[in-house]
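The structure appears below as structure tokens.
No lab work stands behind these numbers, since they all come straight from the coordinates. From a predicted model like this one, the values you see are computed outputs, not experimental measurements.
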Amino acid sequence: MPGPLAVAFAATAFTTRTAVLVALLAAAIFLVPSFNSGLFGYQVMVTPDGMQGRAQSAIWFLANTTSPLAPAIGGVLLGSAGARIALLVFAAVIALAAVLLTLSHAIRSIPLLSDVAAEQSA
């Protein structure tokens, strides 16, 4: 999922046409909700019932405490290096995340939800 997002995000660095920017970003984020649903569905399925609140709290804590970093870093990059470089740096970060996720044994060994459900019902 992060691969196409990185490509679309990098492509935004080379255009100033509003329609093209909207199309690129729309294409990039179109599948994000289904990706998030799958990840959260898996997390809920594999987390014991007594740990659901703690797991959700940890996820939201990390997401909410790190979310201000992107605008701050983006602002610094934008002010010091310009829009094109800032966009390419963020695209590179997304691409790096895609590579790390692809190479991660833990991520690649996540079982199918149907397998987990069958195992839990047995």
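Give me P(r) over the chain, computed from all C-alpha to C-alpha distances, binned every 10 Å, as integer percentages.
Once binned at 10 Å, the Cα pair distances of the chain give 11, 30, 33, 18, 7, 1.
Which residue fluctuates the most in the chain, going by a Gaussian network model with Cα springs under 10 Å, if the choices are A106, A13, A28?
Maximum among the listed residues: A106.
Looking at the chain as a GNM with Cα springs under 10 Å, which of A19, A55, A95 has the largest mean-square fluctuation?
Taking springs between Cα atoms under 10 Å, the residue moving most is A19.
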